[in-house]
1. Look through L163, L233 and report the one residue that is within 24 Å of the chain's Cα centre (by Cα), exposed (fewer than 13 other Cβ atoms within 10 Å of the Cβ) and aliphatic (A, V, I, L, M).
2. With a cut-off of at least 1 residues that are under 18 Å from I173 (Cβ atoms), name the helices (runs of 4 or more DSSP H) lying wholly within the range 95-162.
3. Between K213, K198, which is among the charged types (D, E, K, R) and either at pLDDT 90 or above or more than 30 Å from L119 (Cβ to Cβ) (or both)?
4. Step by step: first the residues of the range 131-156, then only those that are among the polar types (S, T, N, Q) and over 10 Å from the mean Cα position of the chain (by Cα), then the one that is nearest to L119 (Cα to Cα). Which residue is that?
5. Of all the residues that make up the range 200-213, how many are surrounded by fewer than 17 Cβ atoms within 10 Å (Cβ to Cβ) and of a type in the set (A, V, I, L, M, F, W, C)?
6. Which residue pairs have Cβ atoms closer than 7 Å, lie 6 or more positions apart in sequence or on different chains, and pair a first residue in the range 166-185 that is aromatic (F, W, Y) with a second residue that is surrounded by fewer than 24 Cβ atoms within 10 Å (Cβ to Cβ) and not in a helix (DSSP H, G or I)?
7. Can you tell me how many residues in the range 222-252 are touching a helix residue (DSSP H, G or I) at 6+ places or on another chain (Cβ under 9 Å) and over 16 Å from T206 (Cβ atoms)?
Amino acid sequence: MDAGKAWEVFREMVSMGFVPNDVKYNTPIGELCRSGDIEDALELKRDMEKKGLIEVSSIPLHHYRVVINEFCLFVETRLATEFLDDMIVKGWQLDAVICAKLISANWQEGRITEACDILDKNNGQGVVLDVLYYNSLIARLYKSGKIDRAQDYLSQMHEVGLLQNSWTYRALIHAHSKVGNVDKADVCFREMLSYSFKPNDIIYTTVISGLCKAGNVAKAFSTIHSMLERGVLPDVQTYNIIINSLMKKRKL
């Protein structure tokens, strides 16, 4: 049975005086979302509220997970976020699964500010997400020029007990290098080494590229030597960066 037919049967059942429970509501809500009938799904949600079916503490989490998940799949992140706000207003506890889903959906749409807002709401309820989400947000914030907010999340990682990993440093080094903050990129790179993280060829190439763009070819060569000493081999891109920089300086 398709979603439209199921919706008709459901409405007929209600009109005959049957009172569906939360499970019977959640099933058509999920199907309606999956078929893209967002307005009908919202109508069902409002009907549940009127009947008091989502005032029971054991129901909301499953109900909201179903709807938020389907909204995200159909790129309806604004509506999904409204549902999240609704949960907060009603005093229900958020969970990492719901927030992670919404954060991912928002940043995939380029809605970085909205993704950050969801992370803030999540933290406000004491739910800690994986370091992966912090790394992704920090990288995207730097890329969009929102450096101060990126730094705030770096501090926040320590506050919630998350440690920076090699991916965090990779994001920081890439972001600083891209905007010409070579000194800050170098600080991050050295800090990374001090924590015994092993930079790969991509991180080394990013550092070398930043140094060459800043005109510090000598330090770029020094970094290549350090790279080789640590057993990391430069690739064609790495050498091309050095060659192009030397050609610009007419030293080749």
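1. On inspection, the qualifying residue turns out to be L163.
2. Passing ranges, in order: 131-143, 147-159.
3. The match here is K213.
4. For the range 131-156, the residue satisfying everything is Q156.
5. The qualifying residues number 1.
6. Filtered contacts from the range 166-185: Y169/F197.
7. Of the residues in that region, 5 qualify.
For (1) at pLDDT 90 or above; (2) charged (D, E, K, R), each residue gets a yes or a no:
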| residue | (1), (2) |
| --- | --- |
| Q151 | no, no |
| L154 | no, no |
| Q164 | no, no |
| G180 | no, no |
| T205 | yes, no |
| V217 | no, no |
| L228 | yes, no |
| D235 | no, yes |
| K249 | no, yes |
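The values are calculated or read from the model by the stated rules, or taken from the named source; none is laboratory data. Predicted model only: the values in this text are computed from it and were never measured. A quick note on method: Cβ atoms are made from the backbone with ideal geometry, for glycine too, and the neighbour counts reach across all protein chains shown.
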